[in-house]
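The values are calculated or read from the model by the stated rules, or taken from the named source; none is laboratory data. What you see is a predicted model, and the numbers here were worked out from it, not measured in a lab. Here the Cβ positions follow ideal geometry from the backbone for every residue, glycine too, while neighbour counts run over all protein chains shown. The protein model used for the area step is the full one, side chains on, heavy atoms only, and it has no ligands, DNA or RNA in it. Shrake-Rupley method; radii C 1.70, N 1.55, O 1.52, S 1.80 Å.
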Amino acid sequence: QVQLVESGGGLVQAGGSLRLSCAASGSIFSLNAMGWYRQAPGKQRELVASTRSGGGTNYADSAKGRFTISRDNAKNTVYLQMNSLKPEDTDVYYCNVLANRRSFWGQGTQVTVSS
C-alpha cells in the first residue's frame, strides 16, 4: 500500500504564495505521474498540474504562469509552488500519484485566499 501525506495549505492574502508538498511512502516499486487537483464543494475534482516521471509537466490554464510543479524522486515527493494567489484559487487541493500502476489520493489540504 502507498500512503500520501500532504502539507502546506493554509490561509493567505491575495497576491501571496503557498507551497504544497506531498510525500509518498510505503511499498513503492514504481512511481510515475504525480499531480495536484482541486475540488470545490459540489463540483468535480479538476487537474491543477501534473508531472511525469520523465520530467514533462502539464498545467491547467488557470495555473499557467503562476504555479510550478516539481518533484524530488529521491524523496518520492511532489511540490506545488503557488504564487500570485487569487481568491478564486480557494479550494481543497489533493495530491494524486500513479504508483505501482495504481492511483492513490492524498487526504486533501485546504487553500484559502482572502481578498
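Figures for the structure shown
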{"read-out": "Spatial extent of the range 50-103: Rg and Dmax, with the Cα atoms as the point set, Å", "value": "12.3, 36"}
{"read-out": "Where labels lie 7 Å past Cα in the beta-carbon direction, separation of THR68 and LYS43 in nm", "value": "2.6"}
{"read-out": "Furthest towards positive pole of dipole, ALA49, GLY65, ILE28, structure part the chain, Cβ charges", "value": "ILE28"}
{"read-out": "Loop-located trypsin sites (Lys or Arg not before Pro) in the range 27-64 whose Cβ has at most 12 other Cβ within 10 Å (DSSP)", "value": "LYS43, LYS64"}
{"read-out": "Estimated distance in nm for a label pair at ARG52 and SER17, the labels positioned 7 Å out from Cα along Cα-to-Cβ", "value": "2.9"}
{"read-out": "Apportionment of accessible area to carbon and sulfur, the chain, percent (1.4 Å)", "value": "47"}
{"read-out": "Accessible area (Å², per residue) of the chain, counting only protein heavy atoms and a probe of 1.4 Å", "value": "53"}
